[in-house]
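For reference, the structure discussed in these notes is given below.
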Amino acid sequence: MEETMKPREGNPLATTPISRLLMQFAIPSVLSMLVDALYNVVDQIFIGQGVGYLGIAATTVTFPFVTIILSVATLLGIGGSVYTSMSMGAGKHEEAEKTLGAVFTLSVAIGILFTVVCLIFLKPLVLSFGATEGMQGSLSYVLDYAPIILLGAPFSMAAIALSSIARADGSPVLAMGCFLAGAILNLILDPIYIFVLGWGVKGAAIATVTSQVLSVVILLVYFLKKGRIRLKRKHLCPALPVCGQVIMFGLPACMIQIELNKAVVRFGTGAVSGEEALSAVGIVLRISTVFVSICVGIGVGIQPIIGFNQGAGLDRRVKETFRKGIGIATVVSVVGWLGCILFPAQILRMFGMSDPTYLEFGIRCMRIFLMGMLVAGFQVVSSQYYLATGQAIKAMLLSVLRPLLLMIPLIHIFSRIWGMDGILYASPTADYLTALIVALLLWHDRTKQTKSGVI
């Protein structure tokens, strides 16, 4: 009993008011996520202005690779962060360091393996993801862009995963700073490589990978020299259960992008070509990612608070953190939705959408596809809550619910009935169905806790 109580005494995670902790942890997390999302958007702006819609289509086709990288790295980072926070809350320092070592090894090893496999089968893979051959096709642009992005996979995975552990280690500002440094470098290199040197999409990819290398170097220096928990050679052996979770959580997230790309290219709109439609959908997805990233940042920011207090047995602080996290994320979702609904043309023109037909489709795409953004904050924070409290089955259910169980079937069903409109309406339909199921799950949990006398 004494061992479990000891870490609670004097630890700010157990004693500081929740509102203040949210400011300390959520703001840096939000900024780091936002910076990452924004420099992806800026990439698209530079590519749209310097290369055109085929360049944007190439990055959209490549996005399934990026999605897998992000999904696996985020899973490793979030899972490692949750377990690290709970271990530190329970006073198990050695267990936290073992988690750090396992997460680092897995992120690098999976990144290397992923790169090798994808490069071997690159052309058939990108063709299956929606790339098109011919003079007006996107394939040549994809083959310029994708290999470089894939070579950066080990660095990207390690940076994302280690930044989550840094937050759990009590250094959210460092986690933000490493991505900020990478983003600034990327913003400097993008116009030089794309416009000055004339490297096109290849230059954008090189700039992105260079920024990822910088981010991971900063994090490695921290965990080797300055962190409360340290990266040690004896802890670099990954656990098999984590490998299984990577497969369960990572695959559904990329499948939705693959199916969406294929459906968009297949159905087109008549007035707009498949490649232009794919480019427009890619732009809208990048824009939505900015606001979703803020919500993810809030969810990631509350994880160390929830994880520590869960490990320390402070249930009321866990619930207060969760309620305030949902409230803030919902406000962000509503503001983001209003911006996209009220100013779609102004936003889309930044990406080089000047053709009236192309712009008209982009506006329609944005207004329909992003209707579900209103409930994005609620979904994201709820999913992070289940991860932070160690409820693996529910967290797994929520991770596959929208992309695998709802979105992919809806894309197939709706597109066969309503064509391109069906593809666009599949997204908000999946969003609201997911939000309803999450609400029912939370209501069931609360009812169960009330009956058992927990609350």
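The values are calculated or read from the model by the stated rules, or taken from the named source; none is laboratory data. Here the structure is a predicted model, which is why all the values come from computation and not from measurement. All Cβ positions, glycine included, derive from the backbone under ideal geometry; neighbour counts span all protein chains shown.
Considering only residues in the stretch 117-137 that are assigned to a loop (DSSP other than H, G, I, E, B) and among the hydrophobic types (A, V, I, L, M, F, W, C), the one that is surrounded by the most Cβ atoms within 10 Å (Cβ to Cβ) turns out to be ALA131. Restricting attention to the stretch 118-142, which residues are under 27 Å from PHE179 (Cα atoms) and free of Cβ contacts under 8 Å to residues at least 60 places away in the same chain? If the condition is that a residue be under 27 Å from PHE179 (Cα atoms) and free of Cβ contacts under 8 Å to residues at least 60 places away in the same chain, then CYS118, LEU119 are the ones that fit. Listed residues ILE347, ILE393; which is at pLDDT 85 or above, of a type in the set (A, V, I, L, M, F, W, C) and out of contact with any strand residue (DSSP E or B) (no Cβ under 9 Å at 6 or more places or on another chain)? Result of the check over ILE347, ILE393: ILE347. Of the candidates HIS444, HIS412, the single residue that is surrounded by fewer than 17 Cβ atoms within 10 Å (Cβ to Cβ), closer than 21 Å to GLN310 by Cα, out of contact with any strand residue (DSSP E or B) (no Cβ under 9 Å at 6 or more places or on another chain) and of a type outside the set (Ser, Thr, Tyr) is HIS444.
When you check VAL438 against the structure, is it in contact with a Cys (Cβ under 7 Å, 6 or more places away or on another chain) and part of a helix (DSSP H, G or I), yes or no? Criteria not met by VAL438.
One residue stands out in the stretch 369-407 among those that are of a type in the set (Val, Ile, Thr) and touching a Cys at 6+ places or on another chain (Cβ under 8 Å): the one that is surrounded by the fewest Cβ atoms within 10 Å (Cβ to Cβ), namely VAL380. Could you please let me know if LEU162 is within 24 Å of LEU387 (Cβ to Cβ), under 24 Å from the mean Cα position of the chain (by Cα) and not aromatic (Phe, Trp, Tyr)? Judged against the criteria, LEU162 is a match. Residues of the stretch 415-438 that are surrounded by fewer than 21 Cβ atoms within 10 Å (Cβ to Cβ), under 25 Å from GLY307 (Cβ atoms) and within 21 Å of the chain's Cα centre (by Cα): ALA435 alone.
Being of a type in the set (A, V, I, L, M, F, W, C) and touching a residue at least 60 places away in the same chain (Cβ under 8 Å) is a property that holds for ALA435. When the residues of the stretch 162-211 are filtered to those that are of a type in the set (Phe, Trp, Tyr) and surrounded by fewer than 21 Cβ atoms within 10 Å (Cβ to Cβ), the one that is nearest to TYR141 (Cα to Cα) is TRP199.
Hey, any hits in the stretch 272-286 for a residue that's more than 17 Å from the chain's Cα centre (by Cα), farther than 20 Å from ILE149 by Cβ and at pLDDT 75 or above? Yes, the stretch 272-286 contains at least one residue that is more than 17 Å from the chain's Cα centre (by Cα), farther than 20 Å from ILE149 by Cβ and at pLDDT 75 or above. Looking only at residues of the stretch 350-385 that are farther than 18 Å from ILE287 by Cα and over 17 Å from the mean Cα position of the chain (by Cα), we find that the one that is modelled with the highest pLDDT is PRO356. Exactly one residue among LEU219, LEU187 is more than 30 Å from GLU95 (Cβ to Cβ) and either hydrophobic (A, V, I, L, M, F, W, C) or without any contact (Cβ under 8 Å) to a residue 60 or more places away in the chain (or both), and that residue is LEU187.
Taking into account only those residues within the stretch 214-231 that are surrounded by fewer than 18 Cβ atoms within 10 Å (Cβ to Cβ) and β-branched (Val, Ile, Thr), which is nearest to GLY111 (Cα to Cα)? The residue in question is VAL217. Scanning the stretch 103-116 for residues that are without any contact (Cβ under 8 Å) to a residue 12 or more places away in the chain and either within 13 Å of ILE69 (Cβ to Cβ) or crowded, with 20+ Cβ neighbours inside 10 Å (or both) yields a count of 1.
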